[in-house]
Amino acid sequence: MMDYELEEDKLGMQAIPGSVTLQKDSQNLIGISIGGGAPLCPCLYIVQVFDNTPAAKEATLESGDEIVGVGGKSVKGKTKVEVARQIQAVKGEVTINYNKLKADPKQGKTLDIVLKKIKHKFVENMSSSTADALGLSRAILCNDGLVKKLQDLERTAGMYHGLAEHTKKMMRACYELSQTHKAFGDVFSVIGAREPQAAASEAFTKFAEAHRNMEKYGIRYLKTIKPMLSDLNTYLNKAVPDTKLTIKKYLDAKFEYLSFCLKVKEMDDEEYSYAALQEPLYRVETGNYEYRLVLRCRQEARAKFAKLRADVLEKIELLDQKHVQDIVFQLQRLVSAMAKYHNDCHAIMKETDVFPIEVDLSQTTFNYSKRDDFTDPDEDDEEGEEEEGDVGSGGDE
């Protein structure tokens, strides 16, 4: 045991005393890991609170908090192993006396953490061999399924975009076709009105009415599939961007959590190297408050990361369900509307069996007399000049 001559360096943080009683689980554990203690550090502190354990469910103890007693008995000057055994020796309920570390998480977000986040973003899509060749450690969550989910989401968005563009082109072509039917109906209606023969007039009028009805069917078809385009745009312009934004927030929280994990590992390695050389480390000898601050920041970053991951998984699951259900519904709507449009047009044209149309050209307005023939004066002049030229040529011979 060494004498602790250095005063604790709290780095401006406060330690508020308190106590909590925890009911142990079936394995006689409360769910914490302990760091610090004799012979190097004057403080014993909580390194990690494990999920789904009595300590985590009670939620009073946090990473970085100092343990000052067990069951009212001081643990000052003891090793972490001795304190762990003291806690295990108590059966059922155990009371932990602590000093709550009051720290501002922003104090732990140093320039080093920011640079680590940038590095993680940079190496996220690198292979292990490439990162090793560049001398970059890849402290990332391997096989992160959400990255693949994001790629699948982008492919789905691309498919929806293509479907929306195709629907727009089809609607434009259908509208132009309906306008053509309308023009045909107008033309044949005029012909039917001017036709003096009753049978032919009726046939032309019926044919005109059929085309006008096809124009109405086309407009009805457009009104049916227009909501489909609106639904596709809602998916593309609202649902997908919102999910992408949530995924970006998740990735940012992920990189921050991994940065703190890497920082903890670096500080652990530093302690081990100094301990191996039997050299004193200032921050350890003064209470290791800097390390405890990083532990607290890591715990909060992990909680944020886990929450955002759960949110992303829920949104993507809902989006997948909507995609599967919606794409079937939209395609059924499109195909059924198209089938109805073509069937209606086919049925009305089948009913409009007016061909051949018998027209008496001797009585119709389409019979033009010889006196109505149009002769271009310029053509007559050209023909006259050609004849004179032919006569002149014959005289020379």
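The values are calculated or read from the model by the stated rules, or taken from the named source; none is laboratory data. No experiment lies behind these values; they were computed from the predicted model shown. Counting neighbours? That spans all protein chains shown, and the Cβs are built from the backbone with ideal geometry, glycine included. For accessibility, only protein heavy atoms count, side chains too; no ligands or nucleic acids. Shrake-Rupley method; radii C 1.70, N 1.55, O 1.52, S 1.80 Å.
Below 17 Å, Cα to Cα, which lysines can K206 reach? Residues fewer than 8 away in the same chain don't count.
Result set, ordered by chain and number: K182, K216, K350.
Given a 1.4 Å probe and the protein chains all in place, what does the accessible area of F50 round to, in Å² to the nearest 10?
We get 90 Å² for F50.
Run the numbers for E58 and Q321: contour at 0.36 nm per residue of separation, minus the present Cα-Cα distance, in nm.
Answer, rounded to one decimal: 91.1 nm.
Which sequence of D311, D242 reflects their accessible areas, 1.4 Å probe, from the largest down?
I get D242, D311, largest accessible area first.
Can you tell me the FRET efficiency between A193 and K238 if r is taken as the Cβ-Cβ distance and R0 is 41 Å, rounded to the nearest 0.05?
Step by step, r from the Cβ atoms, then E = 0.20.
Whole-Hz Karplus ³J(HN,Hα) for region 296-310, in order, using 6.51 cos²θ - 1.76 cosθ + 1.60 and θ = phi - 60°, x for Gly and Pro?
Result, rounded to whole Hz: 5, 5, 5, 4, 5, 5, 5, 4, 5, 4, 5, 5, 5, 5, 4.
What FRET efficiency would be calculated for the residue pair K265, H161, taking the C-beta separation as r and a Förster radius of 45 Å, to the nearest 0.05?
Once rounded, the FRET efficiency stands at 0.55.
Taking 0.36 nm per intervening residue step and subtracting the Cα-Cα distance, what contour gain separates L313 from E202 on full extension?
33.3 nm
Taking only the alpha-carbon positions of region 168-285 and ignoring solvent, what does the Debye formula give for the base-10 log of I(q)/I(0) at q = 0.10, 0.15, 0.18, 0.19 Å⁻¹?
-0.62, -0.84, -0.95, -0.99
How big is the Kirkwood radius of region 1-109, worked out from every pair of different alpha carbons and given in Å to one decimal?
One over the average 1/r among Cα pairs gives 14.4 Å for region 1-109.
What fraction, in whole percent, of alpha-carbon pairs in region 250-335 exceed 19 Å separation?
Value for region 250-335: 60 percent of Cα pairs lie more than 19 Å apart.
For Q278, what charge total do you get from the other residues with a beta carbon under 14 Å from its beta carbon, if Lys and Arg give +1 and Asp and Glu give -1?
-3
Please state the relative contact order of region 169-315 as a whole percent: Cα pairs under 8 Å, 6+ residues apart?
For region 169-315, the relative contact order is 22 percent.
Let me check I've understood the local charge: for G218, count other residues with C-beta under 11 angstrom from its C-beta, Lys and Arg +1, Asp and Glu -1. What total comes out?
+2
How compact is region 277-319 by the rule of thumb for globular proteins, expressed as Cα Rg over 2.2 N^0.38 Å?
1.98
Contour minus end-to-end for D252 and K73, with contour as 0.36 nm per residue of separation and end-to-end as the Cα-Cα distance?
Contour length minus Cα-Cα distance gives 60.1 nm.
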